[in-house]
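Data block below; observations after.
The values are calculated or read from the model by the stated rules, or taken from the named source; none is laboratory data. Keep in mind the model is a prediction, meaning the values are calculated, not measured. FYI the Cβ positions are ideal-geometry reconstructions off the backbone, even for glycines, and counts take in every protein chain you see. Note: accessible area is taken over every heavy atom of the protein model, side chains too, but ligands, DNA and RNA are not part of it. Shrake-Rupley method; radii C 1.70, N 1.55, O 1.52, S 1.80 Å.
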Amino acid sequence: MWNGLAEPIRYILHYAGEKFEDIRYEPLYWPIKNVKDSLPYGQLPLYEDGNRTLYQSLAIARYLAAKYDLLPSDIWEQAVLDAIVFTIYDFFYKVLPYVREEDPVKKQQYKEEFLNETAPFYLSRFEKELKNNKGYFGGKLSWADFVLVGIVESFDLFLNTEVETSYPPIVTLLNRVRSLPGVKAYIATRKPFSF
Ligand SMILES: N[C@@H](CCC(=O)N[C@@H](CS)C(=O)NCC(=O)O)C(=O)O
């Protein structure tokens, strides 16, 4: 699976040039009981560094952001970016009723509501933030940009459409992040996946 909550983490690691082992489980088979039982709260992603482990995708991404200079030094600016990142996650969680619904009629309703109401609500606000901050959430490349790209790509995968097309600053940011050395090389070798 190449999208999902771990994708921003992978992007940051590839951008930073960190060598790492990328262990994945096919969504069709996940959760696998013995793996789930070995995880702190039964969920992925998990980041392992020697004998230290870290769970919660945003804690992992933020730790790596601090390590690789993708977090501002000013604590107010850090908090402002945290707020954006948490909002991107609020947005992510709003697609899950659609993803999980099995009744085709209700599923279609969820999809329309997400595409016609939820996505424009968040994307128009993100667009404004980017316009006011030189095309990045924090005025220059930060972990919030990686999180947005990974999460928007998840939507595109779940919904089989590009939710970002009518928001040029978001499209530009996606292209910028995807063109970063490391990230670009990773994307070129990433196996296609359909949900
Ligand atoms: N808040 C957690 C959510 C993690 C999460 O939902 N992980 C999914 C895979 S992307 C999972 O492990 N689901 C299996 C389960 O909950 O049983 C995070 O951000 O890391």
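Heavy atoms only, probe 1.4 Å: what % of the accessible area of the chain goes to carbon and sulfur, would you let me know? The C+S portion of the solvent-accessible surface of the chain is 52 percent. Computed over all pairs of different Cα atoms, the Kirkwood value for the hydrodynamic radius of the chain is 17.6 Å. When only alpha carbons of segment 75-179 are considered, Rg and Dmax amount to 14.1, 47 Å. Note that the chain presents 58 Å² accessible area per residue, ligands and nucleic acids not counted, probe 1.4 Å. The residues neighbouring Leu13, those whose beta-carbon lies less than 12 Å from its own, together hold a net charge of -2 under the Lys/Arg +1, Asp/Glu -1 convention. Dividing the helix sum by the residues of the chain, where each DSSP H run of 4 or more adds -39500 (n - 2.57), gives a mean residue ellipticity at 222 nm of -17500 deg cm²/dmol.
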